[in-house]
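Comments concern the structure below.
The values are calculated or read from the model by the stated rules, or taken from the named source; none is laboratory data. As the structure is a prediction and not an experimental result, all values here were calculated from the model. Every residue, glycine as well, gets a Cβ built from its backbone with ideal geometry; the counts of neighbours run over all protein chains shown.
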Amino acid sequence: MDQKCYNLVRGTVMRLTRLDRCGRIDESACSSVTTDGFIEIAMTSRVTEGEAITVTKANGKTCINDTPPSTWDGWSVNITFCGVDPLAFTMVTGQDVVYDKDGVPIGFSLRDDVDLAGSGVALELWSDVPADACDPNDLNAAGSWGYSIIPFLQGGVLADRTIANASIDFTVQNMQSRAGSGWGVGPYNVMLGAGDVAGPLLAPIGLREHERLFFTSVAPPTPGCSCMAYGSAATGADEGAPGTWTPTDTYAPFSYDDLVTSDPTASPASAWGSGSYVVLGDNTSAYWDGTAWQEGVAP
């Protein structure tokens, strides 16, 4: 059987996708970040050594000497960034974003009460394949890359940081890969499928699968300093404390400015009662005053 053999060099692009505590993609106005702003991704194997059973007979000779094989339990992952990427940091640590007066993410805060099991992140990484030309018979091939996905990571915390007359790097450490991913075949086009058309994974990620790596001819996404939405945006909001976004399984506007721009239908259309509000994607609140959306909680 023929196979594809190749070398890998460098890490070119990384995409982080926000997950819920069960490893499913978190539908929101800011679900994924694509960046090339990283220095290193360090992956360390978690290995459980087999427990040896040794029994010695009365004459000093060995009766039993058995050591079962070690087991591979997944990856511990550290990411060193070459700058401040607020949205990427908060995705991998669960910490809060800091916004400026216009609702633009400009930093992050660090709290000691973050539930590290309350969310997760999927990590996709593209690497270069040196000296590998496109297949001339594959009209949809865009190039040659190595693609890797760790579909469910949790537990990232910010590592030590040194301030000196040098660049200031930020490392997120101790992320642990987990079984039970809800990634499935994923929402992105990462490999060629039927008819050589770019599409998602050909086979879903298994429940015990911690990583998948393969050669692909589908180009990686373009890195930037923004986030992408996933799912369906809400078109309505019902009064409550907090209220609910409608229809079911839709995500909230990310900020107050996004709320005003999208202008979902408020229910009821009259002014909401005192204490009513809805929660936006940036964890701020808003309410309907009978005419327009206002920031905060209804007075």
request  = Taking the residues in the stretch 243-270 that are in contact with a Phe, Trp or Tyr (Cβ under 7 Å, 6 or more places away or on another chain), without any contact (Cβ under 8 Å) to a residue 60 or more places away in the chain and of a type in the set (Gly, Ala, Ser) as candidates, determine which candidate is farthest from Pro105 (Cα to Cα).
outcome  = Ala266
ask   = Tyr230 is checked against (1) over 21 Å from Trp126 (Cβ atoms); (2) out of contact with any helix residue (DSSP H, G or I) (no Cβ under 9 Å at 6 or more places or on another chain); (3) in contact (Cβ under 8 Å) with a residue 24 or more places away in the chain and fails just one. What number does that condition carry?
value = (1)
Subset tally (residues that are more than 25 Å from Gly206 (Cβ to Cβ) and basic (Lys, Arg)) for the stretch 1-56 = 1
query = What number of residues within the stretch 75-102 satisfy the criterion of being under 22 Å from Glu211 (Cα atoms), hydrophobic (A, V, I, L, M, F, W, C) and within 14 Å of the chain's Cα centre (by Cα)?
reply = 6
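Rundown of residues vs (1) in the same structural domain as Leu116 (by TED's automatic domain parsing); (2) touching a residue at least 60 places away in the same chain (Cβ under 8 Å); (3) exposed (fewer than 14 other Cβ atoms within 10 Å of the Cβ), yes/no style:
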position	(1), (2), (3)
Val172	yes, yes, no
Ala179	yes, yes, no
Trp183	yes, yes, no
Asn189	yes, no, no
Val197	yes, no, yes
Pro200	yes, no, no
Ser217	yes, yes, no
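Take the residues of the stretch 16-47 that are outside any loop (DSSP other than H, G, I, E, B) and small (Gly, Ala, Ser): which is surrounded by the fewest Cβ atoms within 10 Å (Cβ to Cβ)? Working first, answer last.
In the first step, residues of the stretch 16-47 are kept if they are outside any loop (DSSP other than H, G, I, E, B); the result is 16-20, 25, 28-35, 38-47.
Next, only the ones that are small (Gly, Ala, Ser) stay: 28-29, 31-32, 42, 45.
Values: Ser28: 17, Ala29: 21, Ser31: 21, Ser32: 24, Ala42: 12, Ser45: 10.
Residue satisfying both the conditions and the ranking: Ser45.
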request  = State whether the residues of the stretch 129-138 include one that is touching a residue at least 12 places away in the same chain (Cβ under 8 Å) and touching a Phe, Trp or Tyr at 6+ places or on another chain (Cβ under 7 Å).
outcome  = yes
ask   = Of the residues that make up the stretch 245-258, is at least one crowded, with 18+ Cβ neighbours inside 10 Å, modelled with pLDDT of 95 or more and either closer than 30 Å to Tyr147 by Cβ or touching a helix residue (DSSP H, G or I) at 6+ places or on another chain (Cβ under 6 Å) (or both)?
value = no
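Restricting attention to the stretch 259-280, report how many residues are surrounded by fewer than 18 Cβ atoms within 10 Å (Cβ to Cβ), of a type outside the set (A, V, I, L, M, F, W, C) and within 32 Å of the chain's Cα centre (by Cα). Explain how you work it out, then say what you get.
Applying the first criterion (surrounded by fewer than 18 Cβ atoms within 10 Å (Cβ to Cβ)) to the stretch 259-280 yields 260-263, 265, 267-271, 273-275, 279.
With the extra rule that they be of a type outside the set (A, V, I, L, M, F, W, C), the set shrinks to 261-263, 265, 267-268, 270, 273-275.
If we keep only those that are within 32 Å of the chain's Cα centre (by Cα) as well, we get 261-263, 265.
Number satisfying all stated conditions: 4.
If you check Arg46 against the conditions, is it in contact with a Gly (Cβ under 6 Å, 6 or more places away or on another chain) and touching a residue at least 40 places away in the same chain (Cβ under 8 Å)?
Spelling it out, Arg46 is indeed in contact with a Gly (Cβ under 6 Å, 6 or more places away or on another chain) and touching a residue at least 40 places away in the same chain (Cβ under 8 Å).
Working carefully through the options Asp102, Asp128, Asp115, Asp85, find the one that is touching a helix residue (DSSP H, G or I) at 6+ places or on another chain (Cβ under 8 Å) and of a type outside the set (Val, Ile, Thr). It would help to see each step written out before you state the result.
Numbers: Asp128 fails: touching a helix residue (DSSP H, G or I) at 6+ places or on another chain (Cβ under 8 Å); Asp115 fails: touching a helix residue (DSSP H, G or I) at 6+ places or on another chain (Cβ under 8 Å); Asp85 fails: touching a helix residue (DSSP H, G or I) at 6+ places or on another chain (Cβ under 8 Å).
Result of the check over Asp102, Asp128, Asp115, Asp85: Asp102.
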message = Can you tell me which residue is surrounded by the fewest Cβ atoms within 10 Å (Cβ to Cβ) among those in the stretch 72-97 that are modelled with pLDDT of 90 or more and of a type in the set (Val, Ile, Thr)?
response = Thr80
request  = Residue by residue through the stretch 184-209, note down the ones that are in contact with a Ser or Thr (Cβ under 6 Å, 6 or more places away or on another chain) and farther than 15 Å from Leu125 by Cα.
outcome  = Leu192, Ile205
